[in-house]
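Trainee: Shown below is the structure under consideration.
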Amino acid sequence: MSGEIEDKPQPLIEHLMELRTRLMWSIGAFFIAFVVCFFFAKHIFNYLVYPYKLAVSWANLDVEKAQLIYTAPQEFFFTQVKVAMFGGLVIAFPIIAAQIYKFVAPGLYKNERAAFLPFLIASPILFLLGAALVYFFFTPMVMWFFLSMQQAPGHDEVAISLLPKVSEYLSLIMTLVFSFGLVFQLPVITTLLARVGLLTSQWLSEKRKFAIVLAFVVAAILTPPDPMSQIGLALPTILLYEISIYAARLVERQRSQRALEEESGSSDVAKTDSV
């Protein structure tokens, strides 16, 4: 390994004390973000309802009449608590990730830190991309599908209307956001594994058929039990798998180029010594 490790030998108690400090910073950041988000929980929930309002407009329904209900006295309060926890985790994530990196970085070589830092930046960006896909397209599409199943009163038909509960709607959008956010980490994970030599682009290519089946299985587990949600998660997963294969090939190409440069450098040194 090239580079040097900055971490100096320390007693176990000092490592535990440092871990406690990092945990306190992380928990403190989450608690502060939670309190702020709980204060604005209703406003945040109104922003989360935007995909539902968008679906109502797609279904050519009156947006002003769109509503969500709660059927238990404490339901909306606990929904606001969940909203605050959701927002607090999102806001505090950069600080939590930074504390994890500060705890791990001293034990890494310089080239390992240089390789790890871009992935630390790419991970939240990819998570936000997945969340944006859920917020602006996927959730409105799913809700539009459910709204299209409503039934107007007729001769021998009764009115069947969709009245979502606040807790169930929040659970739906949170599940979709975290599912898509985790799936969008696939290129980061596979690239890291390829960099350390645990995966190869050839192996990923050979396992493509199994990956496609696994993508639909994971989508069926993570998403609500409807075909729209499962297909909507499985297709981006397959696309991200193809991107992961390409990223692994880039890593292998860089590794081969680096090996050639080191080999040419060592041969030049040998020639100089012989002269």
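The values are calculated or read from the model by the stated rules, or taken from the named source; none is laboratory data. Only a predicted model underlies this, so the values are computations on that prediction, with no experimental measurement involved. Please note: Cβ atoms are built from the backbone with ideal geometry, for glycine as well, and neighbour counts cover all protein chains shown.
Trainee: Could you tell me which of the residues PHE180, PHE127, PHE146 is over 22 Å from the mean Cα position of the chain (by Cα), within 30 Å of ASN46 (Cα to Cα) and part of a helix (DSSP H, G or I)?
Mentor: Values: PHE180 fails: over 22 Å from the mean Cα position of the chain (by Cα); PHE127 fails: over 22 Å from the mean Cα position of the chain (by Cα).
It is PHE146.
Trainee: OK, next. In this structure, does ILE231 turn out to be among the aliphatic types (A, V, I, L, M), modelled with pLDDT of 80 or more, in contact with a Pro (Cβ under 7 Å, 6 or more places away or on another chain) and assigned to a helix (DSSP H, G or I)? Please lay out each step first, then the result.
Mentor: Numbers: among the aliphatic types (A, V, I, L, M): yes; modelled with pLDDT of 80 or more: yes; in contact with a Pro (Cβ under 7 Å, 6 or more places away or on another chain): no; assigned to a helix (DSSP H, G or I): yes.
So ILE231 fails the test.
Trainee: I'd like to know if segment 179-196 contains one or more residues that are without any contact (Cβ under 8 Å) to a residue 24 or more places away in the chain, at positive phi and outside the structural domain of ALA132 (by TED's automatic domain parsing).
Mentor: Scanning segment 179-196, I find no residue that is without any contact (Cβ under 8 Å) to a residue 24 or more places away in the chain, at positive phi and outside the structural domain of ALA132 (by TED's automatic domain parsing), so the answer is no.
Trainee: Here is a further query. Determine if segment 226-249 includes at least one residue that is of a type in the set (Phe, Trp, Tyr), surrounded by 16 or more Cβ atoms within 10 Å (Cβ to Cβ) and more than 27 Å from ALA84 (Cβ to Cβ).
Mentor: As a first pass, look at segment 226-249 and keep what is of a type in the set (Phe, Trp, Tyr): 241, 246.
Now restrict to residues that are surrounded by 16 or more Cβ atoms within 10 Å (Cβ to Cβ): 241.
From what is left, the residues that are more than 27 Å from ALA84 (Cβ to Cβ) are 241.
Yes - at least one qualifying residue is present in segment 226-249.
Trainee: Looking only at segment 50-103, count every residue that is over 24 Å from SER179 (Cα atoms), free of Cβ contacts under 8 Å to residues at least 12 places away in the same chain and not basic (Lys, Arg) and tell me the total.
Mentor: Qualifying residue count for the region: 9.
Trainee: Scanning for something assigned to a helix (DSSP H, G or I), in contact with a helix residue (DSSP H, G or I) (Cβ under 7 Å, 6 or more places away or on another chain) and of a type in the set (Asp, Glu), does segment 70-84 turn up at least one residue?
Mentor: Within segment 70-84, one or more residues are assigned to a helix (DSSP H, G or I), in contact with a helix residue (DSSP H, G or I) (Cβ under 7 Å, 6 or more places away or on another chain) and of a type in the set (Asp, Glu).
Trainee: Could you list, in sequence order, all residues of segment 206-226 that are among the small types (Gly, Ala, Ser) and without any contact (Cβ under 8 Å) to a residue 12 or more places away in the chain?
Mentor: Initially, segment 206-226 is screened for residues among the small types (Gly, Ala, Ser), giving 211, 215, 219-220.
ALA220, the sole residue that qualifies.
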